[in-house]
Structures are given as structure tokens and as C-alpha cells.
Amino acid sequence: MTTDDDNGDEDGGGFDVDDWSRLTAFTGAVATLEDVQARRAIFALADTEDAKTIDMDLPQPLIWWEDDGEQAAVAVQAEVHVGSDGETMEVLGLILPDGSGAVALMDDVDLVDDTDPTWRELVANAVDGTDSDDG
């Protein structure tokens with residue numbers, strides 16, 4: 001648990017519907033453990049072959065389909081890896097509205113733009129911490 005990155009992270013690294021585009025993307029190289037430890041990247045996969053970056057515009061708003069339902073996120077890292085079984089995995093590093101990081105497969109997300117009403121509502125609910133019963 002290091003806190004070397006406290007300068008410049010006043011808001012905890014999260015985002016809302018108006019400022020998501022300021023998130024810093026990790027592009028141009030496949031992430032290493034050192035990149036993750038320095039908080040430049042969300043993930044680094046070690047036991048894969050033929051790792052490459054995915055050519056896509058980052059940061060990218062998306063809706064992540066989890067077991068608990070849908071969640072708004074922004075992709076800031078995108079890589080394709082081939083597992084030991086030969087299966088190709090497209091992996092995304094995500095930042096959630098509260099600033100936490102997550103890893104998802106491309107198959108588990110819908111890429112959207114920031115005008116998508118579902119994405120905007122999911123972000124607003126996550127930022128407000130409510131389920132829209134403000135009362």
C-alpha cells in the first residue's frame with residue numbers, strides 16, 4: 001500500500017459525466033508490473049504470449065456487464081493477449097466513477113459515448129451514492 005501518488009489526485013481519481021475525458025490512458029506499450037505499481041496502468045498480465053495493445057481511442061466510456069448488473073466505467077488501457085491454451089483475450093483496464101480500478105474482457109462491455117443516457121445515469125448514481133431516491 002503506497003501513497004506516493006497523492007499529489008494531483010485531490011478527487012481520488014474518480015470521474016463524473018463532465019470530466020471523464022481528463023483520465024490518463026495507458027497507451028503505446030503493453031503494461032508491466034512496474035507500470036501497475038507506479039499507477040500508470042491498471043493491469044499487467046504475465047502468463048500470456050504475443051501481447052499487443054489494442055488500437056482504440058482511450059479513454060473510452062463504456063458500460064460493464066458484471067454479475068451484479070451494469071456499471072459505468074471508462075477504459076484507460078486496452079490489450080490483447082494469447083493465453084497458454086491459445087485463446088485470444090481482449091482485456092481492458094477500467095476506472096470506475098469512485099476512482100477504483102477494474103479489469104474486464106471486451107466481451108463483457110458495451111462501448112458508448114458520453115451522451116449515452118444509460119451511461120450518464122449509471123455515473124450519476126455512482127457519484128451521488130444513491131439509487132435516485134433523494135427524497
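Worth pointing out:
- Mean separation of Cα contacts under 8 Å, 6 or more apart, over the residue count of the range 62-135: relative contact order %: 29 percent
- Only Lys, Arg, Asp and Glu carry charge here, each on its Cβ (+1 for the first two, -1 for the last two); on that basis the chain has a dipole of about 520 debye about its Cα centre.
- At 1.306 mPa s and 10 °C, Stokes diffusion of the chain via Kirkwood alpha-carbon radius, µm² per second: 102 µm²/s
- Over the range 50-94, volume per residue of the alpha carbon convex hull, in Å³: 74 Å³
- Taken per residue, the accessible surface of the chain reaches 61 Å², heavy atoms only and a 1.4 Å probe.
The values are calculated or read from the model by the stated rules, or taken from the named source; none is laboratory data. Quick caveat, the model's predicted, so the values are computed rather than measured. Methodologically, a virtual Cβ is constructed for each residue, glycine included, from the backbone with ideal geometry; neighbour enumeration extends over all protein chains shown. Note: areas computed on protein heavy atoms with side chains; ligands, DNA, RNA excluded. Shrake-Rupley method; radii C 1.70, N 1.55, O 1.52, S 1.80 Å.
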